[in-house]
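Values in this text are rule-based calculations from the coordinates and carry no lab data. None of these values were measured; they are calculated from a predicted model. Heads up, the Cβs are rebuilt from the backbone with ideal geometry, glycines too, and the neighbour counts pull from every protein chain shown.
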Amino acid sequence: MKRLAVVTGGNRGLGFEVCRQLAKKGIDVILTSRDVQKGQAAAVELKKASLPVTFHQLDVNSEKSIDELKSFIEKEYGRLDILVNNAGVMIDRKNNGDDYPSVLKADLDTFRETMESNVFGVLRMCQVFIPLMKKNNYGRIVNVSSGMGQLTYMSGGWPAYRVSKTALNSLTAILAFEVKDSNILINSMCPGWVKTDMGGPSATRSVEEGVDTMVYLSTLPDNGPRGKLLRDRQIIAW
Ligand SMILES: NC(=O)c1ccc[n+]([C@@H]2O[C@H](COP(=O)([O-])OP(=O)(O)OC[C@H]3O[C@@H](n4cnc5c(N)ncnc54)[C@H](OP(=O)(O)O)[C@@H]3O)[C@@H](O)[C@H]2O)c1
């Protein structure tokens, strides 16, 4: 059966590459982006390679935008199989003279803005699309998290980003528990440190390496993990 996937923040970085990799597997991919022009250009690039990719606008901070995507999917496909919650921001800023953005000087608006995209956006997407997955008793949800949110190895700096990813992991576990009697598998993953606009040029991994576990979790067999955090296809500590 041909599966249908939605990827958030698909216009660049890891989101763009996971669209490419899923489409290469023959999965119909809806590449979403909050910016219409950037998203359309990204989708055109993949379509030129004969990949089954469709563009739709999506800002995960906007309930209206999410509802419009839901209406489009219900009308055109009547199903959703895979959701990759990839969109995210890292906007913690250093203060003058500091080596890194410190929690002691963090401003709450940065926290609010970060939580809005990285946590509440994912929550809204899951609230809207899990009911559609339940109709077919099939779903794979990948919440793109980060080792920076692991409580086991918590350290300093970038506090809004870290807290948002820890909260995202908690959301993953709660959601996975609440759908435990269905064939909907919800997991968090860390892509490693990846060369993207967010990761920067010094990062150690390519986007291809970064999306490997995203693709793996998007296409899990029915007996795959649920409610876990993974890196390199292995379950790791929260
Ligand atoms: N790169 C790394 O080393 C690394 C490591 C660990 C985890 N991650 C996670 O991996 C994910 C992707 O990161 P990346 O490295 O590919 O970052 P990126 O190059 O900065 O791309 C981020 C993407 O998220 C989109 N986005 C942000 N807010 C959005 C919103 N409200 N609605 C819709 N789209 C939104 C951006 O859209 P615009 O183009 O419109 O801004 C962009 O497409 C993030 O969740 C990040 O936290 C990355």
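Please enumerate the residues belonging to segment 114-155 that are under 18 Å from Asn169 (Cβ atoms), more than 10 Å from the ligand (Cβ to nearest atom) and not in a helix (DSSP H, G or I). Matches in segment 114-155: Arg140, Ile141, Val142, Gln150, Met154, Ser155. Has segment 206-220 got any residue that is outside any helix (DSSP H, G or I), free of Cβ contacts under 8 Å to residues at least 40 places away in the same chain and touching a strand residue (DSSP E or B) at 6+ places or on another chain (Cβ under 9 Å)? Yes. The one condition from (1) at negative phi; (2) within 11 Å of the ligand (Cβ to nearest atom); (3) not hydroxyl-bearing (Ser, Thr, Tyr) that Leu171 does not meet is (2).
Beta carbons closer than 6 Å, at least 6 apart along the sequence or on distinct chains, pair a first residue in segment 29-48 that is part of a helix (DSSP H, G or I) with a second that is of a type in the set (Phe, Trp, Tyr) for Gly39/Phe55; Gln40/Phe55; Ala42/Phe16; Ala43/Phe55. Touching a residue at least 12 places away in the same chain (Cβ under 8 Å) and under 20 Å from Gly121 (Cβ atoms), is that true of Leu14? Taking the combined requirement at face value, the residue satisfies it. Just one residue in the set Arg162, Arg124 is surrounded by fewer than 20 Cβ atoms within 10 Å (Cβ to Cβ) and within 23 Å of Gly15 (Cα to Cα); that residue is Arg124. Take Asp67 and tell me if it is assigned to a helix (DSSP H, G or I) and either within 13 Å of the ligand (Cβ to nearest atom) or not β-branched (Val, Ile, Thr) (or both). Here the answer is yes, as Asp67 does meet what is asked. When segment 72-101 is examined, which residues are found to be in a loop (DSSP other than H, G, I, E, B), away from the ligand (no atom under 16 Å from the Cβ) and more than 24 Å from Asp222 (Cα to Cα)? Within segment 72-101, Lys94, Asn95, Asn96, Gly97, Asp98, Asp99 qualify.
Give the residue that is surrounded by the fewest Cβ atoms within 10 Å (Cβ to Cβ), with candidates limited to residues of segment 49-64 that are within 13 Å of the ligand (Cβ to nearest atom), of a type outside the set (Asp, Glu) and not in a helix (DSSP H, G or I). Talk me through it step by step, then tell me what you get.
We begin by selecting, within segment 49-64, every residue within 13 Å of the ligand (Cβ to nearest atom); these are 55-64.
Those still in the list that are of a type outside the set (Asp, Glu) too: 55-58, 60-62, 64.
This time we only want the ones that are not in a helix (DSSP H, G or I), so: 55-58, 60-62.
Numbers: Phe55: 23, His56: 20, Gln57: 16, Leu58: 26, Val60: 25, Asn61: 16, Ser62: 14.
For segment 49-64, the residue satisfying everything is Ser62.
When Val36, Val18 are checked against the criterion of being under 18 Å from Ser218 (Cβ atoms) and among the β-branched types (Val, Ile, Thr), Val18 stands alone in meeting it. Reported count of residues in segment 50-64, each being among the basic types (Lys, Arg) and under 16 Å from Ile82 (Cα atoms), is 0.
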